[in-house]
Amino acid sequence: MADEEFVVTPYEVRGPVDHDRLREKFGAERLTPEILEGIRSVAGELHPLLRRGIYYSHRDLAALLADHARGRRFFLYSGRGPSGPLHTAHLVPFDLCRWVQEKFDVPMYIQITDDEKFWFRPHLTRSETARWGWENLLDLLAVGFDPKRTHVFFDTRSIAALYPLAVDVAKKVPYSTVRAVFGFPPSQNVGLVFYTALQTVPCFYPSWVAKRAVPCLIPCGIDQDPHFRVTRDIAEGLGYPKPALLLSQMLPGLLGGRVMSTTGDGRDNALFLNDPPKEIDRKIRKAFTGGRASVEEQRRLGATPEICSVWAAWRSKFAPDEAEFTRITEGCRQGTLLCGECKGMLIERVQGFLEEHRARREKVRDYAASLIIDRPPEGAEAPFPPTGGAPASSAGPDGD
Ligand code: SF4
């Protein structure tokens with residue numbers, strides 16, 4: 001397939017994405033059975049996102065696991081650019097991070113990039129991206145992270161903590177690199193040009209705090225790989241370890257596109273976490289499937305799960321139990337499960353999930369703000385005279 005047939009950057013996904021081709025193009029490694037076995041040997045099992053191949057690529061994960069086996073603990077980092085409500089596919093990296101946090105007993109850093117989305121989306125005001133940042137943070141914490149091991153950079157609130165390292169990073173990243181990696185036009189605002197320095201900081205922050213090298217693992221969509229290629233290029237020059245990456249495929253949308261996109265009039269392409277039950281029903285009922293033209297034909301020939309957006313939802317989130325997932329997949333292929341029934345089951349499952357999610361979301365309100373890091377660690381920078389009256393704040397963990 002010619003490169004021109006699809007384009008993937010952190011800011012644009014265009015054309016029918018061939019994930020294997022994209023991995024090769026980006027120069028990332030394939031996630032092998034040996035690496036999966038390394039994860040299983042610690043966790044005792046594999047998360048469905050791993051065993052079903054949704055996470056399919058990596059950078060330096062084998063070395064990170066080998067270090068972990070020798071007692072060198074890593075931390076997790078993932079983030080969200082807040083421009084609106086989250087949909088279920090946004091939870092993919094966070095579902096995996098929560099699982100890794102529990103199984104490997106490691107800290108988690110979440111970055112809410114309200115500045116990035118303000119720079120990127122012309123129609124959004126700064127207060128809107130900050131408001132969505134807070135709403136999104138509640139949803140992410142509701143996934144079930146351990147609040148004692150979870151820390152948040154909320155860019156416009158955390159800038160005092162982020163900025164010293166961002167300054168170091170920015171000095172190492174030439175403009176030509178940013179332009180080449182992200183494909184920015186000459187009219188690009190300078191905020192977005194600088195932004196990759198801010199997205200790099202959480203990769204190094206725990207090492208900076210602990211004053212020793214603390215390895216970082218970033219589970220994220222493969223579309224975010226370009227950001228971290230820049231980070232990896234400059235890490236060792238600044239005295240920090242290169243972050244390891246665990247890269248997922250991008251999930252298809254409900255309307256049948258190869259990749260879920262919710263820009264423009266794409267609200268029907270995804271299941272949003274704030275959708276009321278009737279909306280969930282309506283969207284799933286009209287979702288693109290791999291079914292046949294008639295019931296009779298489907299019973300006779302079976303359907304094609306691999307092209308079905310409903311099956312993609314089962315596969316990525318809503319049928320974590322392997323026996324159930326196999327039943328759905330086989331029933332689909334053999335024509336014993338029809339699309340109407342399958343959609344009805346998914347509607348019920350998603351509505352139940354959202355009800356529970358919203359209850360968890362209310363509980364995290366009590367402590368979400370306390371997880372935000374808003375000043376640099378003590379002693380990390382040249383001392384300033386006390387200014388007096390400083391608000392209670394968090395510099396984050398000390399050597400977590
Ligand atoms: Fe998709 Fe379910 Fe129909 Fe199969 S039976 S094509 S999984 S909706």
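The values are calculated or read from the model by the stated rules, or taken from the named source; none is laboratory data. As the structure is a prediction and not an experimental result, all values here were calculated from the model. When we count neighbours, we look across all protein chains shown, and the Cβ atoms used for this are built from the backbone with ideal geometry, even at glycine. The accessibility values were calculated without ligands, DNA or RNA, using every heavy atom of the protein model including side chains. Shrake-Rupley method; radii C 1.70, N 1.55, O 1.52, S 1.80 Å.
A crude spin-label estimate for the pair K286 and Y11, with each label 7 Å from Cα along the Cβ direction, gives 3.2 nm. Once Rg and the Kirkwood radius are both taken over the C-alpha atoms of the range 23-248, their ratio Rg/Rh works out to 0.94.
Take the chain with all the other protein chains still there, run a 1.4 Å probe, and you get 45 Å² of accessible area per residue.
Among the listed pairs K286/K343; K317/K363; K171/K242, those whose Cα-Cα separation exceeds 19 Å are K317/K363. Only helices enter this figure: runs of n ≥ 4 DSSP H residues, each worth -39500 (n - 2.57), summed and divided by the residues of the chain, yield -14500 deg cm²/dmol at 222 nm to the nearest 500. Using only Cα atoms, what is the ratio of the radius of gyration of the range 266-364 to 2.2 N^0.38 Å? The reported ratio for this selection is 1.13. Annotation: aspartates and glutamates with alpha-carbon distance below 20 angstrom to K148 (same-chain offsets under eight excluded): D95, E102, D105, D139, E362, D366, D374, E378, D398, D400.
Across the range 143-274, the fraction of Cα-Cα pairs farther apart than 17 Å, rounded to a whole number, is 67%.
Note on K172: aspartates and glutamates with a C-alpha under 18 Å away, same-chain residues under 8 apart excluded, are D233, E236. For D105 and A359, the difference between the fully extended length at 0.36 nm per residue and the C-alpha to C-alpha distance is 88.9 nm.
Between helix 225-235 and the chain there is an angle of about 30 degrees, using the helix long axis and the longest principal axis of the Cα atoms. Put simply, the convex hull of the Cα atoms in the chain casts, on average, a shadow of 20.8 nm².
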